[in-house]
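Worksheet for the structure shown next.
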Amino acid sequence: MVLNVFFFFFPFFSYSFLGLQHAREWIATSVVQYIIDQLLSGSDKRVAGYLKKYTFHIIPIVNPDGYEYTWTTDRLWRKNRSPATAERNCTGVDRKWI
């Protein structure tokens, strides 16, 4: 759970769901899509309460270029496809999500 940055002005909690941070983890996108489906069409009465009480930030694919690359070129590729620079000799960045 992520505490809203504007807590003092808007006292509520928000949840963030990020799928496919690493390109080769294809199942992560399906899990996030399932969460979306359950939030929007679930028959559980508690879900309606969650939608009123919390804010949801949902991003099914965080790494779209790496995801496409795993389907076309290298199935085990993990990073994104950022081009190499003078400071960095390799293609891709394995970001640290903090």
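When each of 41, 30 is tested for being modelled with pLDDT of 85 or more and surrounded by fewer than 10 Cβ atoms within 10 Å (Cβ to Cβ), the lone residue that passes is 41. Filtered by the rule that a residue be of a type in the set (Val, Ile, Thr) and more than 24 Å from residue 81 (Cβ to Cβ), the stretch 13-70 gives 35, 36, 47, 55. Within the stretch 25-48, residues that are over 21 Å from residue 62 (Cβ atoms) and free of Cβ contacts under 8 Å to residues at least 60 places away in the same chain reach no partner that is aromatic (Phe, Trp, Tyr) and in a loop (DSSP other than H, G, I, E, B) with beta carbons closer than 8 Å at six or more positions or on different chains.
Among the residues of the stretch 62-98, those that are at pLDDT 85 or above and either part of a helix (DSSP H, G or I) or aliphatic (A, V, I, L, M) (or both) comprise 64, 65, 66, 67, 68, 69, 70, 71, 72, 76.
The values are calculated or read from the model by the stated rules, or taken from the named source; none is laboratory data. These numbers were taken from a predicted model, which means no experiment stands behind them. Ideal geometry is used to build each Cβ from the backbone, glycine not excepted, and the neighbour counts take in all protein chains shown.
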